[in-house]
Structure formats: C-alpha cells, structure tokens
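Enquirer: First the structure, then my questions, so here it is.
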Amino acid sequence: MAEETAELARQLGQVPEDRMEELQALCDLAEQELEGRLKSGITKADCGAAFTMGAAWLGLAGLCAAGAADEVESFTAGSLTIHHRDGGGAESRSLSLRRQAEQVMRPYLRDEGFCFLGVQG
C-alpha cells in the first residue's frame, strides 16, 4: 500500500522523480503514524481510500517541511554572510497539508487534542 500512497502523493504534489525516494520514506512513516492513531477496533482497511489519501497528504507535509530546512537565499564569501529563507511559505504549506490529512482521516482517528475534566463545585 505504501507504493500506492507515494504515487498518489507524487501526483498531488507534482513531486519530481529525483525526490521520490525521500517521498516514499515519508509516506511509509505517514502510514505508520496514521495506523498508530486509529480508533480501537479500526484497521487501515476499514478506512478505505481515506487512509491512502491521508497518508499521501502527510507524506507531502513531511517533504514540504524537509524542503524548507536551510534553504540558502544568498551566500557571500567576503565577510561570510549567509541568508536563509523559509522556502517561500513551506512551513505554512506543511501545516496546511497536515491539517488536510487529519481532516480526511477524522472519522477514523482517536481524539487526542481535547478532554473533559471534572470540577467539583
């Protein structure tokens, strides 16, 4: 299934061939992450196409975040000046892709970000 996920991610993100090995590894990790977050009694097969789509979005989010790291905008040898940039909003795109993945998988994932606490009164 990971190959199918990576191919979908490649198509969605228009990823060049020279980054496919990296994307494949990130999609493998994305599938493991999602599988670990599934509600009790739910398998990835139960999620159908949503699992593949969610993992593809997560893989792309990882690729986007990796591409944002240490992009050099300019380099000067005299007095050694290096200017970095954020990859043209790559961090924002990465977070957006992660949210998209979680939205697609919402019906199947455990709630992890909210809980009720009892207050004696």
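Enquirer: I'd like the full set of residues that are of a type in the set (A, V, I, L, M, F, W, C), at pLDDT below 70 and either in a helix (DSSP H, G or I) or on the phi > 0 side of the Ramachandran plot (or both), limited to segment 77-121.
Expert: Leu80 - this is the single residue of segment 77-121 that is of a type in the set (A, V, I, L, M, F, W, C), at pLDDT below 70 and either in a helix (DSSP H, G or I) or on the phi > 0 side of the Ramachandran plot (or both).
Enquirer: Residues of segment 30-42 being assigned to a helix (DSSP H, G or I), out of contact with any strand residue (DSSP E or B) (no Cβ under 7 Å at 6 or more places or on another chain) and under 15 Å from Glu112 (Cβ atoms), which ones? I'd like the intermediate steps shown before the answer.
Expert: We begin by selecting, within segment 30-42, every residue assigned to a helix (DSSP H, G or I); these are 30-37.
If we keep only those that are out of contact with any strand residue (DSSP E or B) (no Cβ under 7 Å at 6 or more places or on another chain) too, we end up with 30-36.
Correct list: Glu33, Leu34, Glu35, Gly36.
Enquirer: Now for a different question. Report the residue count in segment 44-76 for those that are among the hydroxyl-bearing types (Ser, Thr, Tyr) and at pLDDT 95 or above.
Expert: 1
Enquirer: Search segment 21-46 for residues that are touching a residue at least 40 places away in the same chain (Cβ under 8 Å) and over 23 Å from Ala65 (Cβ atoms) and pair each with any residue that is part of a helix (DSSP H, G or I) and hydrophobic (A, V, I, L, M, F, W, C) when their beta-carbon atoms are under 7 Å apart and the residues are at least 6 apart or on different chains.
Expert: Close Cβ pairs (under 7 Å, with a partner that is part of a helix (DSSP H, G or I) and hydrophobic (A, V, I, L, M, F, W, C)) amount to Lys44/Phe51.
Enquirer: Considering (1) modelled with pLDDT of 95 or more; (2) part of a helix (DSSP H, G or I); (3) not basic (Lys, Arg), say which one Glu7 fails and leave the rest.
Expert: Tallying (1) modelled with pLDDT of 95 or more; (2) part of a helix (DSSP H, G or I); (3) not basic (Lys, Arg), Glu7 fails exactly one: (1).
Enquirer: Mind checking which residues of segment 23-42 are hydrophobic (A, V, I, L, M, F, W, C), buried (at least 18 other Cβ atoms within 10 Å of the Cβ) and closer than 14 Å to Leu109 by Cβ?
Expert: Within segment 23-42, Ala30, Leu34 meet the criteria.
Enquirer: Give the residues of segment 48-63 that are in contact (Cβ under 8 Å) with a residue 40 or more places away in the chain and either farther than 17 Å from Leu109 by Cβ or assigned to a loop (DSSP other than H, G, I, E, B) (or both), sorted by residue number.
Expert: Leu60, Leu63
Enquirer: Ala45: open to solvent by 70 Å² or more (accessible area, probe 1.4 Å), part of a helix (DSSP H, G or I) and hydrophobic (A, V, I, L, M, F, W, C), yes or no?
Expert: yes
The values are calculated or read from the model by the stated rules, or taken from the named source; none is laboratory data. Everything quoted here is computed from the prediction, not taken from an experiment. Quick reminder, even Gly has a Cβ in these numbers, built from the backbone with ideal geometry, and neighbours come from all protein chains shown. Quick note on the areas: whole protein, heavy atoms, side chains included, nothing else; ligands and nucleic acids left out. Shrake-Rupley method; radii C 1.70, N 1.55, O 1.52, S 1.80 Å.
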